[in-house]
Amino acid sequence: MFSGIISLAVAKEVATAQLEVQNVVDKLYTSGKNYEITYDISSRGAVKGDLEEFRKLVAEIYADPRGWIRAGVKFKEVESGGQLHVVLASGAEVKAASPVVCSDQLSCRVGQYALINDDRWMNASDSYNALGVSLLDYRRMVVNHETGHFLGHDHIVYCETATGLGPVMLQQSTGLRGCKPNPWPLPSELWVKL
Ligand SMILES: [Zn+2]
């Protein structure tokens, strides 16, 4: 019984320590002030999602004042040859992009490519649907999450202490770990390392 209490206390201290480290990292990498990232939009494989709707929503997410723009980056769509390629891809194509790392069930970032899984784009995830979160918010989360990897972010496994929100870099598609769903980067995630 005591060991249970102790491990809970340790887990809390680890979570606090992780947040402190994150705060130090925040101060080190707020390098993106007004840094412009060019991106292009395309599709791969047989997708059900409408590419023009995808293009429009990605542009809205990137321009949204709640998004990565708060970390000092600006996104500019180009026809081709962008620094970042945002791709609406069939599950098979996502997996084919990096068979060891990517799954045909999830979205995946591979180098300069943010591959958004068409099935998730159309149907969200069990974790989001179970909570009745809108498809729009799922789409915002998944675009921000994969873009976050491109901006230098790894996964986070803890909820924000004060609000209980899930960081956008939590793998919210596979499970929320008790956090509240959240499609936007938290204040502690507002850094870029390009
Ligand atoms: Zn991820």
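The values are calculated or read from the model by the stated rules, or taken from the named source; none is laboratory data. All of these numbers come straight from a predicted model, not from anything done at the bench. Backbone-built Cβ (ideal geometry, glycine too); neighbour counts: all protein chains shown. Accessible surface areas use protein heavy atoms only, side chains included; no ligands, DNA or RNA. Shrake-Rupley method; radii C 1.70, N 1.55, O 1.52, S 1.80 Å.
Worth a mention:
- In the context of the full set of protein chains, segment 111-179 has a per residue accessible area of 40 Å² (1.4 Å probe).
- Placing +1 on the Cβ of every Lys and Arg and -1 on the Cβ of every Asp and Glu, with nothing else charged, gives segment 17-189 a dipole about its Cα centre of roughly 240 debye.
- Under 12 Å from the Cα of residue 193 - aspartates and glutamates, other chains or at least 8 residues apart: 26, 154
- Of the GluC sites (Glu not before Pro) in segment 72-160, the ones in a loop by DSSP (not H, G, I, E or B) with at most 16 other beta carbons within 10 Å are 79.
- Over segment 17-189 - Rg/Rh using Cα atoms and the Kirkwood inverse-distance radius: 0.94
- Restriction of the trypsin sites (Lys or Arg not before Pro) in segment 123-194 to DSSP coil positions whose beta-carbon has at most 12 other beta-carbons within 10 angstrom yields 193.
- For segment 72-92 versus segment 171-185, the gap between their alpha-carbon centres in whole angstrom: 23
- Of the trypsin sites (Lys or Arg not before Pro) found in segment 47-119, those that fall in a DSSP loop while having at most 14 other beta-carbon atoms within 10 Å are 48, 66.
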